[in-house]
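Inspection log for the structure reproduced underneath, given as structure tokens.
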Ligand code: FE
């Protein structure tokens, strides 16, 4: 038996933000990030629509990128005081992910963060509030997924929380919001979305319900990401849908070790965070080479290569195409060149065995088509650092 879960309603297209007018409830808390939604006027519009719906509205602002356990707890406290029956989160992946975790602690104050680390083990939500998500970036697709990534800064680890209880009730995929993305964010989030679709397509849990979503997303992203990066707003609008389709696929088929490594390297080094989408973009070609030693996965990669009409249909053509996409989007081939080399080589090597162990233990590893040993994971991470091919 397998389960396939998506939001009950998804509104899409330019201007769909206005659907907030039609939510029914008494009180809505709006969870947002650092200010771009306010600056571009979307926050005011959202609050206006919710008031038109007859709701009392409170804001929870300034959720930081890579939200912390502490921010989640503060948000849950604000919700316990205000008692909203709608949680509306708007912005990039971070405020929406944070709001999902706040929702759990709002409804179950006695739950501990440790309780939630076991995947698909959440208490039943919607006893107090429903959840509406409105993405402003085209990548995480958190508006349709059962996931939330929260960072424990004391331990330097990103936790991917996973449960269909936190799949939102309503998603509003309005491309007007995505048109505000700066160029670099467009590249990183777009490659995150491509990684979602490819990892979902080769996942051991892929199925007839997830395959068409993943494959269509791959084709769209392959066609539109570079154009979107170059400022073509029609391509930008299509990317907003493409990333959402990828999200529908991976929320149900799960992911693989590109994400395991991105989660565990993201906050591990003192030089700075490695941005999620950029990490995925750098690691994806190496993981495809590693996974393709599994013949079934190799055939799935070949199907992708055929679908996007590459000259050959082998793994190597797909790897070459993804490397070329990275170059065109100004993404480096390895961590050593990330942001001008902010990650120190010695620190990377000192932490290699621990980071590899953490990555193997990540919730995304279980559905990868080839399970790496400790030695193989260390080899993969080194290839990701130095930007080298993987031949084992
Ligand atoms: Fe991701």
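The values are calculated or read from the model by the stated rules, or taken from the named source; none is laboratory data. These numbers come from a predicted model, not from an experiment. FYI the Cβ positions are ideal-geometry reconstructions off the backbone, even for glycines, and counts take in every protein chain you see.
Before moving on, here are some points about what is shown:
- Any hit, segment 98-120, residues being closer than 27 Å to residue 361 by Cβ, within 16 Å of the ligand (Cβ to nearest atom), in contact with a strand residue (DSSP E or B) (Cβ under 9 Å, 6 or more places away or on another chain) and modelled with pLDDT of 95 or more: yes
- Boolean, residue 262 is within 15 Å of the chain's Cα centre (by Cα) and within 16 Å of the ligand (Cβ to nearest atom): yes
- From the options 89, 136, 94, residue that is crowded, with 24+ Cβ neighbours inside 10 Å, within 14 Å of the ligand (Cβ to nearest atom) and in contact (Cβ under 8 Å) with a residue 40 or more places away in the chain: 94
- Residue count for segment 206-240 satisfying the condition of being away from the ligand (no atom under 16 Å from the Cβ) and over 17 Å from residue 327 (Cβ atoms): 20.
- Whenever a residue of segment 269-287 is within 20 Å of residue 225 (Cβ to Cβ) and at pLDDT 95 or above, its partners that are part of a loop (DSSP other than H, G, I, E, B) and within 13 Å of the ligand (Cβ to nearest atom), lying with C-beta atoms within less than 8 angstrom and at least six residues away or across chains, give the pairs 277/139; 287/256.
- Some residue of segment 178-185 being crowded, with 22+ Cβ neighbours inside 10 Å, more than 14 Å from the chain's Cα centre (by Cα) and touching a residue at least 60 places away in the same chain (Cβ under 8 Å): yes
- In segment 177-189 there is at least one residue that is within 13 Å of the ligand (Cβ to nearest atom) and modelled with pLDDT of 95 or more.
- Evaluation of residue 246 against the conditions (1) farther than 15 Å from residue 308 by Cβ; (2) within 12 Å of the ligand (Cβ to nearest atom); (3) surrounded by 24 or more Cβ atoms within 10 Å (Cβ to Cβ) shows that the sole unmet condition is (1).
- The condition of being more than 14 Å from the ligand (Cβ to nearest atom), touching a strand residue (DSSP E or B) at 6+ places or on another chain (Cβ under 7 Å) and at pLDDT below 95 does not hold for residue 160.
- Among residues of segment 14-52, those that are surrounded by 14 or more Cβ atoms within 10 Å (Cβ to Cβ) and part of a loop (DSSP other than H, G, I, E, B), counted: 6
- Matching strands (runs of 3 or more DSSP E) fully within segment 54-162 where at least 2 residues are within 14 Å of the chain's Cα centre (by Cα) and over 18 Å from residue 6 (Cβ atoms): 147-152, 157-162
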